Each structure stands twice: as C-alpha cells, then as structure tokens.
Ligand SMILES: Cc1ncc(COP(=O)(O)O)c(C=O)c1O
Ligand SMILES: Nc1c(O)cccc1C(=O)C[C@H](N)C(=O)O
C-alpha cells in the first residue's frame, strides 16, 4: 500500500531519500508559508506581530498538532527549544517528583545527548545522585525502588529496535518511578499513544519524521494531571503564569506552557505548522502499516541480493521502528557510494548503514530502485574508491 500523499513533498529529481529518520524533506507550501510570515507578519506588523499574528500562541497551537500524532490530548504538548533541553526539563521535573530517590535509569542504546543531559543534571545535584545505564535488553530488570526516573528512547536510533512503552511504563510505575519517553524516532514514524501509556513526560524532535526542517523546535508532553505541579527546571519568562506582568519572581503557568522557556522560534514554528498539514487525512495506523510493508520488502530484497550485509534491526516488524539498519564493515564508504548515486541513507559507527522508510513520500518503486543501486555498489565494490574512504561528513 502506498499513501497517496507523495505529491505533498518537494523531493529533488532522481533522489531516493531514505534519511527521513534524521532530517525530513521539504513539504510543499512550507517555503511560501514562511515567506508569507516574513513578508506580511514580520515585514508589515513588526512588533505588533506578537499580538495580531498570534505568535505567542504558536507553541501551544502547533503542540496540539503534534499531540494528535502521539495520542496526547489537546493542551498537553508545547513546542520549543531543542530536544536536549526538553530531555533535561523532563528529567529534572521527574527527579523533583521523587525527592527520596537519587537514580536516573537509562540504557546504553540511548542517544548520547540524552545520557549527557542526565549526566549534567546529576552533576548539578547534590552528591548521591546517579545516572545508571543498563543494556537495552536488561533495562526492565534494572527498574527497582531506587529509581526516581526511567528515561528511555522508544526507538533505538541505530538499530530501530523498539521498547514496549506500555509495559516499561507499567514496570516503572509499579516500582514508584517516573517515566520519561524520548519519541524522537517515534513521532510520525510509528503509532504512539502517550495517554494510554500513562507516562508522565514525553519529548521529541520535529525535524525528522515531522518534516519541520533543520533546527525545528522540540516538543514536550506533560501528563495532564501534572500540568499544574511539574517543575519546569528552566524557569524562563515565557513559562511564567503572566509573562507580561514582568514580576521579578517566578510563578509557573498553570498548564503545560510552564515548560516554555524563552522566545518562540516564530519562523521555524511557521515552517512546522505548514509541514504538519502533510498529515491531513492520514492516520498513524496507515503510516505505520505502510512503513512496515516498505521495510519488509527492503529487508527481503537486500537479504536476497546483498549477502554482504547483515541485518542489525529486529526482524520482527512489531518491535522495529520505521528504519532498517544493516551492518557492513565498509559501511561508511558504501554509504558514500550510495549517496553519490542518489540513494540517501546514513551511517553510524562502527558499521551501521541506516535506511529510513517514510511512506508519506516513499513507495515500493523507490525501495526496489534503492536495492538495485545498493546491489550494484556492493557487487562491483564501488565503495572501494579513494573518494569514499575519508570519514569527514557530520551526518
Ligand atoms: C533520541 C534523540 N534524542 C536527542 C536528540 C538530540 O536532539 P537535539 O539536537 O534537538 O537536542 C536526538 C537527535 O539529534 C535523538 O535522536
Ligand atoms: N539533529 C541532527 C543535527 O543537528 C545534525 C545532524 C544529525 C542530526 C540528528 O538528528 C541525528 C539523529 N538524532 C540520529 O539519529 O543520528
């Protein structure tokens, strides 16, 4: 099944884009929408724009659009800052909720920035606080009554392996811990129901599967019953209950908006708000089924035609996100050779070739064409060329 929305995206001619798990492509209409905000709002309204153009409401308004894709009720998601910042806020709020406990539990497959933020937070606290890191497969067993906060990324950024959000949240709660989910590789990729999972906090980015563009702001979900008590940690003026009262002392907003920090990125939010219209009329169930079919076809074709590659992602589609990873010792050079031939995936050390399957703009024809090129690169050792050897790119 292909979703009939490929024409909602501007994709370069001749490119097969399998890297929406890192940076989504440009949805049609985003350029015009941002240009309109620049010309008509900023250009004509200047400072009045904060009022007449509703710039101040953007973080909550766009938060609702994102919330609908992750099973969050309106008013429980707000946009702003980078994901690393939102991780920090959620962790800090979680620690405050369990004052008798000292341990943040995460797993070694987590994205490094999440672990760094936890390390930094622990270092800021009094002695005795600790970040404990388990292997992903052991994390459920490591949850006990010492743990204040369990912080996990649902879909592993390297392999696509998925944690069971409901089950792990249940274990965390049974042990008295707070649950924080990072949905960076889930939002817009797989079906998520934050409300059903009952987690306290969820965070994620919008430049991957939500196609908000490079540097698009992050989101944070706060379970509605905590919206008036969770401590924001970064108590910026726009999280204040009455920012324009300019009160010298801080009173957090009585809603998820307390997680706002400073001035919203109006142009990036305008881009994201328009990008979110690419989801009109589509359910996450359809997206996830279509993604599964594309990934299964890719795995079957690669395994039949490219025996040099070893599947690193789970074979079982029910525990795999929207990406497929293969191991290959010359993976970096092979990915460079693929990119040079118009198939865009990416590489993660030591040997991971990552391919993202985003059915909003990919179909089976793209999958088959990508495998043809991959087979050609491998069978003819096209990767074994001097120009592909130097490890120099950032992504
Ligand atoms: C799971 C995860 N967490 C955190 C980050 C960091 O996000 P940011 O650069 O927006 O802070 C990323 C991606 O960069 C990620 O994939
Ligand atoms: N956020 C990124 C960036 O600013 C530059 C390059 C890549 C990224 C990424 O998002 C990487 C991504 N989180 C990953 O899964 O590897």
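We did not get these values from a lab; they are worked out from the coordinates using the rules stated. On a predicted model such as this, the values are computed, not experimentally measured, just so you know. Using ideal geometry, Cβ is built from the backbone for each residue, glycine included, and neighbour counts are taken over all protein chains shown.
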Report summary line: Computed on Cα atoms, the radius of gyration and Dmax of region 54-279 in angstrom are 16.5, 50
Query - region 237-337 shape via C-alpha gyration tensor axes, a/c threshold 1.5 - result: prolate
Query raised in the report: Which semi-axis lengths, in whole Å and largest first, follow from the square roots of five times the eigenvalues of the Cα gyration tensor of region 251-395?
Result: 34, 20, 15
Query raised in the report: So for the pair residue 285, residue 68, with labels modelled 7 Å out along Cα→Cβ, what separation do we get in nm?
Result: 1.7
**Report entry** Stretch gain in nm, segment residue 319-residue 10, where the contour uses 0.36 nm per residue and the Cα spacing is subtracted
**Finding:** 108.2 nm
Requested in this report: Per DSSP H run of at least 4 residues, take -39500 (n - 2.57); add these up for the chain, divide by its residues and hand me the 222 nm value, nearest 500 deg cm²/dmol.
Outcome: -9500 deg cm²/dmol
Query - For the chain, the spread of Cα positions along each principal axis, largest first, Å - result: 68, 56, 38
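Suppose we keep just the DSSP beta bridges with both residues in the chain; what percent of those would be antiparallel, to 5?
Values: 22 of 40 bridges.
In the chain, approximately 55 percent of DSSP beta bridges are antiparallel ones.
Please report Rg over Rh for region 222-268, where both radii come from the alpha carbon positions and Rh follows the Kirkwood definition.
Working: Rg = 10.8 Å, Rh = 10.9 Å.
Answer for region 222-268: 0.99.
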